[in-house]
1. What whole-number volume per residue, in cubic angstrom, does the convex hull of the C-alpha atoms of the chain give?
2. Ignoring ligands, DNA and RNA, what percent of the 1.4 Å accessible area of the chain is carbon and sulfur?
3. Given springs between every Cα pair under 10 Å in a Gaussian network model of the chain, which of Ser16, Ser26, Ser42 has the largest fluctuation?
4. Restricting to DSSP loop positions (anything but H, G, I, E, B) with no more than 15 other Cβ atoms inside 10 Å of their own Cβ, which GluC sites (Glu not before Pro) remain in the chain?
5. Using only DSSP helix segments of four residues or longer, with each worth -39500 (n - 2.57), what per-residue ellipticity at 222 nm results for the chain after dividing by its residue count and rounding to 500?
6. Which net charge results for the neighbourhood of Thr36, defined as the other residues with beta-carbon distances under 11 angstrom from its beta-carbon, given Lys and Arg at +1 and Asp and Glu at -1?
7. For Thr36 and Val62 in one chain, what is 0.36 nm times their gap in residues minus the Cα-Cα distance, to one decimal in nm?
8. What is the local net charge at Val6, summed over the other residues whose Cβ is closer than 14 Å to its Cβ (Lys, Arg +1; Asp, Glu -1)?
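The values are calculated or read from the model by the stated rules, or taken from the named source; none is laboratory data. Quick caveat, the model's predicted, so the values are computed rather than measured. Glycine also receives a Cβ, built like all others from the backbone with ideal geometry; neighbour counts cover every protein chain displayed. Heads up: the accessible areas ignore ligands, DNA and RNA and are worked out on the full protein's heavy atoms, side chains in. Shrake-Rupley method; radii C 1.70, N 1.55, O 1.52, S 1.80 Å.
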Amino acid sequence: MVKIQVDRTQCQNFGSCVIEAPNVFSLNANDEMEYTPEADDSELDNVEAAVDVCPMQAIALVLRS
Ligand code: SF4
């Protein structure tokens, strides 16, 4: 299980994470980023890519067994 946290005080809703991990991150009708706080291990590479591209370094990732 991959646990994801986004610092909402940092996130500027750029949506780069949505491109890298569209199963975890999305933009709603108001162009606000939404995400699922827990994702399957198969999403790990995508979430790591989202962490890397986030211009605000707002995404934190915790691995769980
Ligand atoms: S890439 Fe970062 S700043 Fe942009 S929407 Fe995702 S978490 Fe927010």
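1. It is 68 Å³ per residue.
2. Roughly 45 percent of what the probe reaches on the chain is carbon or sulfur.
3. Ser42
4. Here the GluC sites (Glu not before Pro) that fit, given the DSSP loop and packing criteria, are Glu32.
5. -6000 deg cm²/dmol
6. -3
7. Extending this stretch completely gives an extra 8.0 nm.
8. -3
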